[in-house]
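Taking it in order: structure first as structure tokens, then the write-up.
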Amino acid sequence: MIGLVEIKQEGMPGKFKLAYILPPNPQEKKWEIINYHDLGQVDQNCDELIDNIENELQRGYYEHGKERDKEGVLLVGFSTTYRSEAEESINELKSLAISANKAVLDTTIQVRKKIDPRYLIGKGKINEVILTAKHLGAEKIIFDVELSPAQVKAISDESNLKVQDRTQLILEIFAKHAITSEGKLQVKLAQLKYNLPRLVGQGVDLSQLGGGIGTRGPGEMKLEEQRRTFRKQIDLLEKQIDNLSKRREHTRKKRYDTGIPTVTFIGYTNVGKSTLFNALTKSGVIVKNKLFSTLNPTTRKMWLPSGRQILVTDTVGFISELPKELVNAFRATLEELGGSSLLLHIADASDPMVEERIESVEKILASTGYDHVPQQMVFNKSDKATLPVATRLGRAYNAPVISAQDRANLPDVIKLLENLLDDLVDPSPGESKIELQLNPA
């Protein structure tokens with residue numbers, strides 16, 4: 001609520017205006033302005049008006065956001081090139097927000113040639129976003145790009161709302177889905193590495209808590225103390241993850257010595273890897289229609305019709321622009337790829353962005369050094385794709401197009417694995433036709 005009083009030349013109050021935000025309404029009106037010709041005509045009980053507005057906003061939020069136990073968020077997409085690019089990206093951001101149990105109240109997109117160093121999307125647009133967020137009762141604004149510490153602080157100060165970027169949202173999802181001590185360890189390291197440089201953004205405020213010229217005030221000292229604590233925790237977690245990598249390496253070495261080939265499922269998040277894994281191995285890996293429902297690798301034995309035993313591993317899904325902090329922290333998990341005889345790349349045939357998703361996975365494989373491992377593409381969700389699209393993808397990538405939920409498709413996948421492993425691995429135990437890349441312990 002804002003009040004504006006006119007002060008006349010003689011110093012006496014004149015006209016008065018009262019403005020406040022409205023909850024969602026059929027007229028789509030975002031604010032109300034009440035005009036008074038004289039301050040003495042004001043007949044509003046402001047405390048009562050504020051209570052009524054807050055109650056209406058809360059009621060409007062519940063009607064708009066549907067569920068009371070979810071945090072209401074407004075999503076902001078941004079691009080310096082094409083609007084279509086921002087639209088595709090914000091659709092994925094919406095899926096991420098839903099996976100994080102958020103209530104997505106609205107989305108907006110800004111396309112501009114240059115990034116605003118203070119507000120990213122510009123002063124005018126950020127004011128529009130803030131007004132919409134408060135009109136809808138949103139508690140947080142989430143941006144579909146990585147924000148600088150200065151931008152987070154500026155937008156938070158301007159809006160008095162919580163601000164989050166895409167990387168932070170992904171880290172939050174990983175933290176929520178990390179069940180095992182191993183997963184929690186890796187997520188904690190990623191969070192600390194992301195937040196360490198962002199402590200700098202608090203430095204200005206903290207340094208103003210005290211201290212004179214040539215001295216360090218208590219704010220700066222507290223910041224240094226926080227940095228040291230973060231660095232100590234990072235060093236400790238790095239050592240623990242290095243030990244985890246060594247244990248995993250030892251396990252992979254034992255598998256390699258047995259001569260049992262390993263097939264590892266990879267692919268973009270939420271393409272149905274775990275569904276296919278469960279169908280082939282008769283396992284019970286958690287399957288949810290949410291991004292990153294699988295974090296920790298799961299390995300199961302499987303017998304092929306020829307009598308050959310293989311190991312099948314389900315891994316964490318990838319995503320475009322995967323935060324480097326996560327790639328580094330999850331190196332113990334990603335190292336499973338390097339010990340594989342074959343990578344089975346699962347893609348969603350019904351996804352309009354399927355080829356871009358495939359490219360994103362390939363980039364991550366190249367950046368982590370595992371693009372040398374033999375790979376086979378399999379398109380899933382044929383039941384949701386059109387026949388022309390499914391046919392084109394199958395021919396373009398020389399890959400089967402299946403539905404993991406249709407057991408009639410499984411023999412085709414099993415036969416494919418049999419043929420591929422015949423070419424890659426000698427049936428005799430302990431004699432491999434390919435040299436597996438094992439990381440030194």
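The values are calculated or read from the model by the stated rules, or taken from the named source; none is laboratory data. Only a predicted model underlies this, so the values are computations on that prediction, with no experimental measurement involved. For neighbour counting, all protein chains shown are included, and Cβ atoms are generated from backbone atoms with ideal geometry for every residue, glycine included.
Can you find a residue that is closer than 24 Å to Ser306 by Cβ, in a strand (DSSP E or B) and either of a type in the set (S, T, N, Q) or more than 27 Å from the chain's Cα centre (by Cα) (or both) anywhere in the stretch 402-412?
Looking through the stretch 402-412, none of the residues is closer than 24 Å to Ser306 by Cβ, in a strand (DSSP E or B) and either of a type in the set (S, T, N, Q) or more than 27 Å from the chain's Cα centre (by Cα) (or both).
Tell me which of these Ala138 doesn't satisfy, since it passes every other one: (1) surrounded by 18 or more Cβ atoms within 10 Å (Cβ to Cβ); (2) outside any loop (DSSP other than H, G, I, E, B).
(2)
Out of (1) modelled with pLDDT of 75 or more; (2) out of contact with any strand residue (DSSP E or B) (no Cβ under 6 Å at 6 or more places or on another chain); (3) closer than 18 Å to Ala138 by Cα, the odd one out for Gly11 is which?
The one condition Gly11 does not meet is (3).
Of the numbered conditions (1) surrounded by 14 or more Cβ atoms within 10 Å (Cβ to Cβ); (2) modelled with pLDDT of 85 or more; (3) over 30 Å from Leu93 (Cβ atoms), Leu237 fails exactly one; give the number of that condition.
(3)
Which one of the conditions (1) crowded, with 19+ Cβ neighbours inside 10 Å; (2) out of contact with any Pro (no Cβ under 9 Å at 6 or more places or on another chain); (3) in a loop (DSSP other than H, G, I, E, B) does Leu326 fail to meet, given that it meets all the rest?
(3)
Out of the residues in the stretch 107-142 that are under 22 Å from the mean Cα position of the chain (by Cα) and of a type in the set (D, E, K, R), which is modelled with the highest pLDDT?
Lys140
Please verify whether the stretch 148-160 includes one or more residues that are in a loop (DSSP other than H, G, I, E, B) and either over 20 Å from the mean Cα position of the chain (by Cα) or more than 23 Å from Met1 (Cβ to Cβ) (or both).
yes
From Val73, Val104, Val163, Val145, grab the single residue that is part of a loop (DSSP other than H, G, I, E, B), modelled with pLDDT of 90 or more and among the hydrophobic types (A, V, I, L, M, F, W, C).
Val145 is the lone residue from the list that is part of a loop (DSSP other than H, G, I, E, B), modelled with pLDDT of 90 or more and among the hydrophobic types (A, V, I, L, M, F, W, C).
Residues to consider are Ile346, Ile364, Ile358, Ile319; find the one that is among the β-branched types (Val, Ile, Thr), assigned by TED's automatic domain parsing to the domain that holds Ile266, closer than 30 Å to Gln168 by Cβ and touching a Lys or Arg at 6+ places or on another chain (Cβ under 6 Å). Please lay out each step first, then the result.
Values: Ile364 fails: touching a Lys or Arg at 6+ places or on another chain (Cβ under 6 Å); Ile358 fails: touching a Lys or Arg at 6+ places or on another chain (Cβ under 6 Å); Ile319 fails: touching a Lys or Arg at 6+ places or on another chain (Cβ under 6 Å).
On inspection, the qualifying residue turns out to be Ile346.
Lys288 fails exactly one of the following numbered conditions: (1) out of contact with any helix residue (DSSP H, G or I) (no Cβ under 8 Å at 6 or more places or on another chain); (2) closer than 24 Å to Glu418 by Cα; (3) at pLDDT below 90. What is the number of that condition?
Unmet condition: (2).
Out of Glu335, Glu321, Glu362, Glu356, report the one residue that is modelled with pLDDT under 90 and assigned to a helix (DSSP H, G or I).
Glu335
Hey, can you tell me all the residues within the stretch 259-274 that are modelled with pLDDT under 90 and farther than 22 Å from Lys363 by Cβ? Give the derivation first.
Within the stretch 259-274, the first condition is being modelled with pLDDT under 90, and the residues that meet it are 259-260, 269-270, 274.
Residues satisfying the conditions are Gly259, Ile260, Ser274.
I'd like to know if the stretch 424-438 contains one or more residues that are at pLDDT 90 or above and surrounded by 19 or more Cβ atoms within 10 Å (Cβ to Cβ).
The first filter runs over the stretch 424-438 and keeps only residues at pLDDT 90 or above, leaving none.
Taking every residue of the stretch 424-438 in turn, none turns out to be at pLDDT 90 or above and surrounded by 19 or more Cβ atoms within 10 Å (Cβ to Cβ).
With the requirement that a residue be among the charged types (D, E, K, R) and assigned to a loop (DSSP other than H, G, I, E, B), what does the stretch 338-353 give you?
Asp351
Please enumerate the residues belonging to the stretch 369-401 that are of a type in the set (Ser, Thr, Tyr) and not in a loop (DSSP other than H, G, I, E, B). Steps first, answer last, please.
Filtering the stretch 369-401 down to residues of a type in the set (Ser, Thr, Tyr) leaves 370, 382, 386, 391, 397.
Selection gives Ser382, Thr391, Tyr397.
Give the stretch 83-133 a look and list any residue that's small (Gly, Ala, Ser) and either in contact (Cβ under 8 Å) with a residue 24 or more places away in the chain or out of contact with any Asp or Glu (no Cβ under 9 Å at 6 or more places or on another chain) (or both), or say none.
Selection gives Ser84, Ala86, Ser89, Ser95, Ala97, Ser99, Ala100, Ala103, Gly124, Ala133.
Does Gln309 fit the bill of being touching a Phe, Trp or Tyr at 6+ places or on another chain (Cβ under 6 Å) and at pLDDT 90 or above?
Yes; evaluated as a whole, the condition is true for this residue.
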